[in-house]
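Rule-based calculations on the coordinates, nothing more; no lab input. All values derive from a computational prediction rather than experimental measurement. Backbone-built Cβ (ideal geometry, glycine too); neighbour counts: all protein chains shown.
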Amino acid sequence: MTDQRRVISRVLSEAHDHPDVEQIYRRAVALDPKISIATVYRTMKLYEDANIIDRLDFGDGRARYEENREEHHHHLIDVNSGAVIEFKNDELEEMKHKIAAGLGYDLIGDRLELYGVKKGGVGKATKA
Ligand SMILES: [Zn+2]
């Protein structure tokens, strides 16, 4: 069990995308065929509760995961290709604190995803 968790940790460390449970499972099984999807689910829940990973929602009903990094960032999701672009913006960070402060709060967390279609691309997406 501990070894299987280690395999799953490795999969997460090596992921530079934002994989869902199925993808994590497939990558983990490639390293250790004995790993079950149930173990992956259980481990993800454990890691999420321990704040080792972040669960992300990109609006398609599938939970995505990434390692909890020191560096705070947000995501822009290309609704045509599904590509996920990470970004940081100091102005945005400042504004979030200002908004919370204006409402009488210290900001301790936030969720923000942007959804877009590539400029000049064929605008066939309706999902947002
Ligand atoms: Zn990310």
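Annotations for the structure displayed:
- Zone residues, segment 73-94, relative to residue 101, backbone N less than 14 Å from point 7 Å out along Cα-to-Cβ: 91-94
- In segment 43-91, the trypsin sites (Lys or Arg not before Pro) that fall in loop regions by DSSP, at most 14 other Cβ within 10 Å: 62, 69, 88
- Once you divide the Cα radius of gyration of the chain by 2.2 N^0.38 Å, the number left is 1.24.
- Net length gained if the chain between residue 15 and residue 57 were fully extended (0.36 nm per residue, minus Cα distance): 13.4 nm
- For the chain, relative contact order (Cα pairs under 8 Å, six or more residues apart, normalised by length) works out to 19 percent.
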